[in-house]
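For reference, the structure discussed in these notes is given below.
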Amino acid sequence: MTEIQALEGFTKTSFCDEGIEKPVYRLGDLGCPPVLIMQELPGMTVHTLALAEKLVSDGFVVYLPHLFGDIAAPIAVAKNALRLCLQKEFNFLAWRKPSPITNWLRALCRFISTENGERPIGAIGMCLTGRFVLSLMVEKSMTAPVMSQPGHPGGHGNAKKAATLGIPESELAEAKARVRDDGLCILGLRFQNDPFCPPDRFTTMEREFGENFIRFDIDASLYAEHNIRKDAHAVLTIDASEDPDHPTQQAYAKMLGFFKKRIA
């Protein structure tokens with residue numbers, strides 16, 4: 001991992017493993033509890049960067065790999081989806097087959113732990129990358145996985161597929177073994193009426209992981225009171241509010257407590 005030019009406030013480096021090389025942005029002091037943030041389909045938006053800054057202000061060091069799209073650019077769901085169709089490391093359309101990017105992310109997890117004195121790490125997967133946290137659980141350093149509004153290309157508009165997790169059965173089995181052997185817990189965040197992360201998906205998580213899946217749904221009855229759009233999706237970023245009484249702040253606080261208990 002070698003130093004190259006930096007984004008303002010971030011240290012930008014390049015991480016390579018098994019032929020895949022991507023930029024990684026780090027913010028915060030080495031030795032603090034480390035958190036990996038995996039960007040969502042809309043891109044590495046200003047909202048994603050703000051989430052990283054917020055976690056750093058709460059005492060963490062954050063690693064933000066630039067997986068696809070532009071940085072701090074406008075939301076670009078369709079454009080990024082097209083890009084991902086052309087990136088073989090994502091297997092974007094083959095949503096239940098292994099994705100080479102998860103091996104790269106596992107290697108990055110090992111690096112992050114080592115760079116911070118062999119500390120355990122947390123991870124946030126959002127939208128498209130939400131399911132990836134399950135694939136990372138094979139790494140012993142991963143002790144605080146967070147799934148925020150996990151989605152996958154096969155899970156929209158099909159009732160049967162809506163309940164699936166979008167990862168290979170072998171990776172699901174590895175995640176379940178980690179829960180069984182180490183008592184690992186997984187935190188899940190979503191808006192109650194999210195069309196891209198339907199309730200059946202979290203019901204599947206509860207069936208597969210039992211009480212080790214901690215579910216947090218933002219109640220739709222609160223939408224009007226807090227001016228939340230009816231199809232709100234991005235709990236920690238685009239649809240988040242800085243209002244301390246806002247339900248998304250409660251979701252963030254839930255995640256903060258989850259991290260402090262497991263990696264701080």
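Tabulated data for the structure shown
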{"read-out": "Residues 246, 152, 226, sorted so that the one with the fewest Cβ neighbours within 10 Å comes first", "value": "226, 246, 152"}
{"read-out": "Percentage relative contact order, the range 2-262, counting C-alpha pairs under 8 Å, at least six apart", "value": "14 percent"}
{"read-out": "Gain in span if fully extended, residue 203 to residue 30, counting 0.36 nm per residue against the direct Cα distance", "value": "58.6 nm"}
{"read-out": "Shape category assigned to the range 2-262 from the gyration tensor of Cα positions, a/c cut at 1.5", "value": "rounded"}
{"read-out": "Projected label distance in nm at residue 118 and residue 264, using a 7 Å step from Cα toward the beta-carbon", "value": "2.4 nm"}
{"read-out": "Packing-based ranking, highest mean first, of 203-213, 179-189, 121-131 given that Cβ atoms within 10 Å are counted", "value": "121-131, 179-189, 203-213"}
{"read-out": "Full-stretch length increase - residue 227, residue 57 - with 0.36 nm per residue and alpha-carbon distance subtracted", "value": "58.5 nm"}
{"read-out": "Filter on 176/261; 54/176; 140/161; 22/161 - keep pairs with C-alpha separation over 25 Å", "value": "54/176; 140/161; 22/161"}
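All of the numbers you see were taken from the coordinates with simple rules; none came from a lab. Source: prediction; values computed, not measured. All Cβ positions, glycine included, derive from the backbone under ideal geometry; neighbour counts span all protein chains shown.
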